[in-house]
Amino acid sequence: MAEIKVPELAESISEGTIAQWLKQPGDYVEQGEYLLELETDKVNVELTAEESGVLQEVLKDSGDTVQVGEIIGTITEGAGESSAPASEDKAPKSENTKEEKQAEPAAQQVSQEAQEESKSRTVASPSARKLAREKGIDLSQIPTGDPLGRVRKQDVEAYEKPSAKPAPQPKQQPQAQKSQQDFEKPVEVQKMSRRRQTIAKRLVEVQQTSAMLTTFNEVDMTAVMNVRKRRKDQFLEQNEVKLGFMSFFTKAVVAALKKFPLLNAEIQGDELIIKKFYDVGIAVAANEGLVVPVVRDADRLSFAGIEREIGELAKKARSNKLTLGELQGGSFTITNGGTFGSLLSTPILNSPQVGILGMHKIQLRPVAIDEERFENRPMMYIALSYDHRIVDGKEAVGFLVTVKNLLEDPEQLLLEG
């Protein structure tokens, strides 16, 4: 018998939540075949069978939290079917009657043991098994309304009520009723996913443990849009990837980080860790929540390399295929709320980083060209949130002005990058 254990996932991950079992008790699985999907704080991981056999028992159900190294099920060797009938057919038929009569009680005994074993194998959820053990209830005696005949926790709770001695509980019932009557109109209660819980926890922690401040500026996107318009067809033909805005912003951020290195740092105790590499996180909105995959060594990549890397990471994020390595170790983050129509916002730091740049919607606005002339220009508000504990306002404003100047004269990016 082989135990199914939660494997080591990453240094910072010690537990996860079972999203769903892909196999059910009694199913035969091949070595390397997917058994279940485990949801962690950052990504979903599919666990595989380490050897072939029958999934004998599931100890943890969907929605249960499990620790690294914890046993969550067992697999037994074999195909799950007894070979006894085949061996009986091959037995010689010249057995005498006396031996057959002696074998009958043994057969009856085996049959009785099989029935008892069958009862003990009643299909039930782990939570139902646990409750039944605590209450001393035989699972095989519990009726269930589940169409597959699976005993659920509520079935165990409902079964013990008739046998329990009636005892008035005036204090508990009104309390339960009160919680259900908090809303007079219809509501839907949904359990937060593990990732959403982690996002919520980390966002609150950032605001409680950092001195976050945001400064704003605006960028005239005319020059960048003209470059894209002139070069987009040739760029696509040569590189097989579209020329977007993210490569311009990533290049501008890297150049600004080189001028203002404290925005590429983090705090560890009473020390500053100033990073000499430029791994830029790009925030991506996935179905399960916001994730920030990292473009490694962005300073060494071409425009095409950046666009290609961002495209592949975004595709993985939306199909839930990102690995933990692709989410860890970023030094600065860029987030683009403009794709959803946001005109202005205050981005929250991605701890332990001390800087994050927020992009927004490009909006035509009248801009003063000189004292007498106005023109409608494609303008974008940009926002820099930073940790004021190590970054002063002068550096933050200087960083943002550098990004603005580089984007308004994109030819400089070739020199600064």
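Structure notes:
- The chymotrypsin sites (Phe, Trp or Tyr not before Pro) of segment 195-248 include none that DSSP puts in a loop with a beta carbon having at most 11 other beta carbons within 10 Å.
- Cross-link pairs exceeding 21 Å between alpha carbons, from the set K201/K361; K5/K60; K258/K321; K5/K315; K201/K259; K242/K315: K201/K361; K258/K321; K5/K315; K201/K259.
- Gap separating the Cα centres of segment 390-408 and segment 341-389, nearest whole Å: 12 Å
- Sparse-neighbour loop sites [trypsin sites (Lys or Arg not before Pro); segment 310-411; at most 14 other C-beta within 10 Å; DSSP]: K321, R373, R389
- Phi-derived couplings, Karplus 6.51 cos²θ - 1.76 cosθ + 1.60 at θ = phi - 60°, listed residue by residue for segment 321-338: 10, 5, 8, 4, x, 7, 10, 10, x, x, 10, 7, 10, 10, 10, 10, x, x Hz, with x used for Gly and Pro.
- Heavy-atom accessible surface of segment 372-417: percent carbon and sulfur, 1.4 Å: 48 percent
- Average 1/r across all pairs of distinct alpha carbons in segment 253-331, invert it, and you get the Kirkwood radius: 13.5 Å.
- Gyration tensor (alpha-carbon) shape descriptor, segment 182-319, a/c threshold 1.5: oblate
- Alpha carbon centroid spacing (whole Å) that separates segment 267-340 from segment 203-251: 13 Å
- Residues of segment 279-417: accessible area per residue with a 1.4 Å probe, Å²: 48 Å²
The values are calculated or read from the model by the stated rules, or taken from the named source; none is laboratory data. Fair warning: this is a prediction, and the values are worked out from it, not measured in the lab. Heads up, the Cβs are rebuilt from the backbone with ideal geometry, glycines too, and the neighbour counts pull from every protein chain shown. All accessible areas refer to the heavy atoms of the entire protein, side chains included, with ligands and DNA or RNA removed. Shrake-Rupley method; radii C 1.70, N 1.55, O 1.52, S 1.80 Å.
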